[in-house]
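Q: If you scroll down you'll find the structure; I have some questions about it.
Where a number appears in this text, it was derived from the coordinates with a stated rule and is not lab data. This structure is a prediction, so every number in the text was calculated from the model and none was measured. With ideal geometry, Cβ positions are generated from the backbone for all residues, glycine too; neighbour counts draw on all protein chains shown.
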Amino acid sequence: MSRRPGAVLLDMGGVLLDMGASQGLPEGAADWRGRQALLNALRRHGGRLDLEDLDRLLFAPWKSQYERRYERGQEARWEPHFHRLRRSTGARGRTLEFLASWFRPFAESLEPMPGAVAVVKALRASGLRLGLVSNVPLPGTLYRGVLKRMGVASAFDDFRFSYDQDSRKPSPAMLRAALKALKASPTAAWMVGDRRSTDVAAGRAAGVTTVWLKSEYAEGPQPDFTIRRLAELPDLFAHGS
């Protein structure tokens, strides 16, 4: 087993971004502010509705599908629910624009995990090819905007977000697609994540070396390596054989 990878695949939430207790979705005050912003955006585009309509026509039916994402192995799609919303309220406009309105207050609250920015820049400076492989419930472009604000988006050669890929970890499909894009063999690649049931499981299925960033998400396969802080990662690569 080599400790000198040619490519490193990184999870996002809990590794690069501090999502708190959320699953990458607005919650609490950020959700409330986002819904107000979404309602205003829909009204600007001709929609006739209130917050109760928003929940009934959009969020409640989407959530019922979202709760089946593990069973289906795919993220719940927003497009059919926005289609229903437009048809019922007369609103016009793009789904991504509306989702961005809801997501923005949450996005502005997100901060990098301790040491994440420095580690990503150090890995990139060392010549490694970097890929991001993340389960997310919204279009990846919204999260890429957060990574750009952090100053690390340009360090990545490839992005794989489950919403855009019609697959989610623990399936190895996104990892295999990322490795192909990076022109890296599994034996020369590492997967770093904070969830053993998804990140480590997907990495093992894809045949890459796995690193678990220790967290409360300890159920799942054993990783090849465990670190307590992301800042330990460069040394893990540098001092191996």
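Q: By DSSP, what percent of the beta bridges with both residues in the chain are antiparallel, rounded to the nearest 5?
A: Values: 2 of 22 bridges.
In the chain, DSSP labels about 10 percent of beta bridges as antiparallel.
Q: Relative to the present Cα-Cα distance, how much length would full extension add between A205 and D166 at 0.36 nm per residue of separation? All intermediate terms of the calculation are to be shown ahead of the outcome.
A: Numbers: separation 39, 0.36 × 39 = 14.04 nm, distance 1.77 nm.
Net length gain for the segment: 12.3 nm.
Q: What FRET efficiency comes out for R44 versus M150 if R0 is 25 angstrom and r is the Cβ-Cβ distance? Round to the nearest 0.05. List each step's numbers first, then the result.
A: Working: r = 30 Å, r/R0 = 1.19.
Once the sixth-power term is evaluated, E becomes 0.25.
Q: Next question. Could you state the number of Å between the C-alpha centres of the range 125-141 and the range 1-68?
A: 18
Q: Here is a follow-up. Determine the sum of side-chain charges near E111: Lys and Arg each +1, Asp and Glu each -1, restricted to other residues whose C-beta is under 11 angstrom from that of E111.
A: Numbers: positive: R149; negative: D18, E108.
Summing Lys/Arg as +1 and Asp/Glu as -1 gives -1.
Q: Suppose R0 equals 22 Å; then what is the FRET efficiency for R77 and T141 from their Cβ-Cβ distance, rounded to the nearest 0.05? Intermediate values should be presented prior to the final figure.
A: Values: r = 15 Å, r/R0 = 0.70.
Result of the calculation: an efficiency of 0.90.
Q: Once Cα extents along the principal axes in Å is worked out from the coordinates, which option in (i) 64, 33, 32; (ii) 48, 37, 34; (iii) 58, 44, 32 does it equal?
A: The value computed from this structure is option (i).
Q: Also, I was wondering about something else. Defining a contact as two alpha carbons under 8 Å apart and six or more residues distant in sequence, what relative contact order in percent does the range 1-132 show? Kindly include the intermediate steps, with their values, before the conclusion.
A: Details: 126 pairs, mean separation 61.1, N = 132.
RCO, the range 1-132: 46 percent.
Q: With each label point set 7 Å from Cα along the Cα-Cβ vector, what nm distance links R229 and A122?
A: 1.0
Q: Which of the listed residues, V152, A91, F106, is farthest toward the dipole's positive end in the range 56-154, when Lys, Arg count +1 and Asp, Glu count -1 at the beta-carbon?
A: The Cα lying farthest towards the positive end belongs to A91.
Q: How far apart, in nm, are two points set 7 Å out from the Cα along the Cα-to-Cβ line at K180 and at L236?
A: 2.7
Q: Which distance in nm do the two modelled labels at D18 and A218 give, with both placed 7 Å along the Cα-to-Cβ direction?
A: Modelled inter-label distance: 2.2 nm.
Q: Here's a follow-up. Let's see if you can work this out: charge +1 on each Lys and Arg Cβ, -1 on each Asp and Glu Cβ, no other charges. What is the dipole magnitude of the chain about its Cα centre, in debye to the nearest 20? List each step's numbers first, then the result.
A: Working: 37 positive and 26 negative charges, 145 e Å.
So the magnitude is around 700 debye.
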